[in-house]
Structures are given as structure tokens and as C-alpha cells.
């Protein structure tokens, strides 16, 4: 397991040197106005509403040059492609709040621990007017030796105005994902052998029916997953779901 994770982390480190983030998208909320969705790389993304900036799993400090600093940083897990202390140190400000599971909090500096909001699966918090709920993320079948054990890391559901955003983190198509309700925008992983394949991801998405879904976190041991195949499966089963394909690995020569 450690070899697989280390190999992926090294590959991402090599790719991020020349990273150029994909163009942002915008959705509109009646209460909050425009919400900017900025794909960054792999599991990293930015949500911006007004002056408030939220980072999820920031990886590779160079990927964030020229982008607004975060007010909130969400960290889903301890693996290096999600929890990158050097990147956190590079992008945070003295006022940045870290929202993390306990396993990440245990690895933070004392200064960062003082500013951390620690959530376990099922916990909720409100930060700067944004509702944050920690959602389970884990591998199936459940096992104490799996890459992602139940209860260790967090996916997140964010409530921004009237919009609900789901960030899957590293997971398979678990019952807790399939049972989600009223999700406006979902970011769903699909990379083997770490999370799930395209078919399982599509089946889970068709179960909880988000209005918009972005396949993200789709580089695995075998390279990039077939996100076009994911779109075809979702389009065939859920005509109302807007599948948005964006380049989360926008490196020169790729």
C-alpha cells in the first residue's frame, strides 16, 4: 500500500512543476451570488464566493501561484496527495482555518492545531457562514488493512447559500455517498487501486443524482481513468445530470 501511495505522490510531484490550472467555472446562487469553481490538480480545488476562498486538499505550492489565498482549507486524509504540509504552509495566511479529521490534526504543528477545526464523520460546523459536514470516505469491503479505513478520513458536504457541494475524497461508492440528498455540485474520485473504477463511480452518482458532477482525482496506478467513459455511463442513466469534464492534470505536453 505504501509503495502505491508513494509512487502516485512522486508522479504528482513531477507533474505539478509545469501545472497550469484549468479555466474556472461559475454557478449562481440566489443568496450568495456567483460561486467560482476552480479545478487545480488531482484532489485539489478552490471554491470562491465573494471574498471568501475555500481550498480542498491543496497539493503543490506552485499550483496556487497567482490564486487568492484561502480563508478555509479542507483536508480529507493523511495521504500525501491530500495532506501536503509544505503546500499548506505556502498558501495559508495567519487567519486561515484548517478543517481536518483527527488523524491529520495529530500531524499538524502546534500553531496549526490551535487554528484547526477537527471533525469526525457525521460532525458539522459552520465557518464564515459556510456549513461543513464531514462525510465518511473508505474502501470496500471494509477492512482494517484497507488503504482508506472507515472513520479515518473525511469527505465533505458544504452548504454555500442554497447550494450543496460534495467533495468525495478517497472513497468507493459507499452507502453514505449513494444516500446523499440535494447535492448541487459533486466532485467524485475514480482511480484504481486507491478508490473505485469508472463504472462504480458512475453507478454511485446515478444513485444520488447531483445536478452537476466533476470527475476528479482520476490518476491512478494505471494512469488516467476513462472520464469520457464515466460521462457516457452517467449520460445514459441520468439525463438531468450535467457531467463536466475538466483537465485536473493540465501539464505541458499532456
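Overview of values
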| quantity | calculated |
| --- | --- |
| Some residue of the range 98-106 being touching a helix residue (DSSP H, G or I) at 6+ places or on another chain (Cβ under 8 Å) and assigned to a loop (DSSP other than H, G, I, E, B) | no |
| Index of the failed condition, residue 80 passing every other in (1) surrounded by fewer than 17 Cβ atoms within 10 Å (Cβ to Cβ); (2) touching a helix residue (DSSP H, G or I) at 6+ places or on another chain (Cβ under 8 Å); (3) at pLDDT 90 or above; (4) part of a loop (DSSP other than H, G, I, E, B) | (3) |
| Scan of the range 44-71 for residues that are under 22 Å from residue 101 (Cβ atoms) and at pLDDT 95 or above, ordered by number | 44, 45, 46, 47, 53, 54, 55, 56, 57, 58, 70, 71 |
| The range 202-238 - residue that is assigned to a strand (DSSP E or B), out of contact with any strand residue (DSSP E or B) (no Cβ under 9 Å at 6 or more places or on another chain) and in contact (Cβ under 8 Å) with a residue 40 or more places away in the chain and, of those, surrounded by the most Cβ atoms within 10 Å (Cβ to Cβ) | 219 |
| Per-region count, the range 162-176, residues more than 21 Å from residue 119 (Cβ to Cβ), surrounded by 17 or more Cβ atoms within 10 Å (Cβ to Cβ) and over 16 Å from the mean Cα position of the chain (by Cα) | 0 |
| Qualifying residue in the range 119-131 (condition: surrounded by fewer than 20 Cβ atoms within 10 Å (Cβ to Cβ), part of a loop (DSSP other than H, G, I, E, B) and modelled with pLDDT under 95) | no |
| Members of the range 58-74 that are closer than 15 Å to residue 40 by Cα, in contact (Cβ under 8 Å) with a residue 12 or more places away in the chain and part of a loop (DSSP other than H, G, I, E, B) | 58, 59, 60, 67, 68, 69, 70 |
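The values are calculated or read from the model by the stated rules, or taken from the named source; none is laboratory data. All values derive from a computational prediction rather than experimental measurement. Methodologically, a virtual Cβ is constructed for each residue, glycine included, from the backbone with ideal geometry; neighbour enumeration extends over all protein chains shown.
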